[in-house]
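The values are calculated or read from the model by the stated rules, or taken from the named source; none is laboratory data. What you see is a predicted model; the values in this text were computed from it and never measured. Positions of Cβ are backbone-derived with ideal geometry, glycine not excepted, and every protein chain shown enters the neighbour counts. Surface accessibility is based on the protein's heavy atoms, side chains included, excluding ligands, DNA and RNA. Shrake-Rupley method; radii C 1.70, N 1.55, O 1.52, S 1.80 Å.
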Amino acid sequence: MGTISGTVLQDTNGNSFPDAGVDPPAQGVEVDLYTASGVFLVSQFTNANGAYAFTNLPPGNYILLERAPANFVTVNSFPG
C-alpha cells in the first residue's frame with residue numbers, strides 16, 4: 001500500500017513556485033483524490049501546516065484536484 005502526500009502553500013508573491021519563508025501554509029484547502037480514469041475516491045482538507053496525505057492506496061496512478069477558496073492562489077510542494 002502507498003501514500004500520496006504534499007503541502008499546499010499560499011503563493012503570496014505570485015511566482016507559481018514554493019518559496020521557503022515567503023509562502024505560508026494554506027489551511028483548509030480541499031484536495032480530492034480520483035482514480036486515473038476519473039472516478040472520485042475521497043477528499044480531505046489541508047491541516048494547519050497545509051499538509052494532506054492519502055494513505056493505504058493500492059499501487060496505481062491517481063489524479064489530485066485542489067479546490068482552493070475564491071481569490072486564493074496556491075502552490076504545491078511535493079516530497080522529493
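Filtered by the rule that a residue be of a type in the set (Gly, Ala, Ser) and more than 10 Å from the chain's Cα centre (by Cα), the stretch 1-50 gives 2, 14, 16, 20, 21, 28, 36, 37, 38, 43, 48.
Show me the strands (runs of 3 or more DSSP E) found entirely inside the stretch 1-68 where at least 3 residues are open to solvent by less than 80 Å² (accessible area, probe 1.4 Å), among the β-branched types (Val, Ile, Thr) and touching a residue at least 60 places away in the same chain (Cβ under 8 Å).
Numbers: elements: 2-10, 30-35, 40-45, 51-57, 62-67.
Here the list reads 2-10.
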